[in-house]
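Okay, so here's the structure we're looking at.
The values are calculated or read from the model by the stated rules, or taken from the named source; none is laboratory data. These numbers were taken from a predicted model, which means no experiment stands behind them. Please note: Cβ atoms are built from the backbone with ideal geometry, for glycine as well, and neighbour counts cover all protein chains shown.
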Amino acid sequence: MRHTFVALVEDKPGVLNRVVSVFRRRTFNIESLAVGQTNQPGISRITIVVDSDKTEVNRIIPYMYKLINVIQVEDITYKPRVTRDLVMVKVNTTSENRSEIMKLADVFRAHIVDVANNSLIIEITGDEEKVNSFVDVLRPYGIIEMVRTGIVAMERGAETIFNNYFESQGFQMPVEFKFAS
């Protein structure tokens, strides 16, 4: 079964390597990895998707908390969430099929970001199923190159991983806050 982990970490050199090593040492295959800044300076958010059975997965969170720069970790697999994946696809085009490909992009609400004589670069953002369907539709035209950002996920509603961190520490989250560096 696929599991989605979200972690808040200090934005410092080597932190990502240490987090990924927790999964590597336990021979998990990371299917998706996305890392980026948060609205809090010095704090990064990591989204990791792995495929494994539940008993193995339950051991990951305690191991991650042993890492010095890890602030908060959650398995949001069973929580209501929004997930997104961004893909750019460079596809072969001819004068005969270019308008057809552009119509397909429109149907999927994708964006043409580059036009050349024999190719288009198309950007699509959505849940994994939508993105995979679009890529499958483009395959017969000839995909020249493709790049994916990795899945990012956020809990639905007012709950945030920051709220959960403060609650776990016994505090109420202030409206605006900053972690000490």
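Residues are listed down the side, and each one gets a yes or a no for (1) at pLDDT 95 or above; (2) touching a strand residue (DSSP E or B) at 6+ places or on another chain (Cβ under 6 Å):
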{"residue": "VAL137", "(1), (2)": "yes, no"}
{"residue": "ALA153", "(1), (2)": "no, yes"}
{"residue": "THR160", "(1), (2)": "no, no"}
{"residue": "SER168", "(1), (2)": "no, no"}
{"residue": "PHE177", "(1), (2)": "no, no"}
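Select the strands (runs of 3 or more DSSP E) contained entirely in the range 1-101, then report the ones holding at least 1 residues which are basic (Lys, Arg) and buried (at least 17 other Cβ atoms within 10 Å of the Cβ).
On the way: elements: 2-10, 30-37, 43-51, 70-75, 81-92.
Because the criterion is at least 1 residues that are basic (Lys, Arg) and buried (at least 17 other Cβ atoms within 10 Å of the Cβ), the strands (runs of 3 or more DSSP E) in the range 1-101 that meet it are 43-51, 81-92.
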Notebook entry, point to check: Hey, any hits in the range 2-13 for a residue that's out of contact with any strand residue (DSSP E or B) (no Cβ under 7 Å at 6 or more places or on another chain), without any contact (Cβ under 8 Å) to a residue 40 or more places away in the chain and not aromatic (Phe, Trp, Tyr)?
Noted result: yes
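Using the structure shown, decide if PHE108 is aromatic (Phe, Trp, Tyr) and either under 16 Å from ARG45 (Cα atoms) or at pLDDT 90 or above (or both). Before the answer, list the steps.
Working: aromatic (Phe, Trp, Tyr): yes; either under 16 Å from ARG45 (Cα atoms) or at pLDDT 90 or above (or both): yes.
Yes, satisfied.
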Checklist line | Tally of residues being surrounded by fewer than 18 Cβ atoms within 10 Å (Cβ to Cβ), of a type in the set (Gly, Ala, Ser) and in contact (Cβ under 8 Å) with a residue 40 or more places away in the chain across the range 121-136 | finding: 0
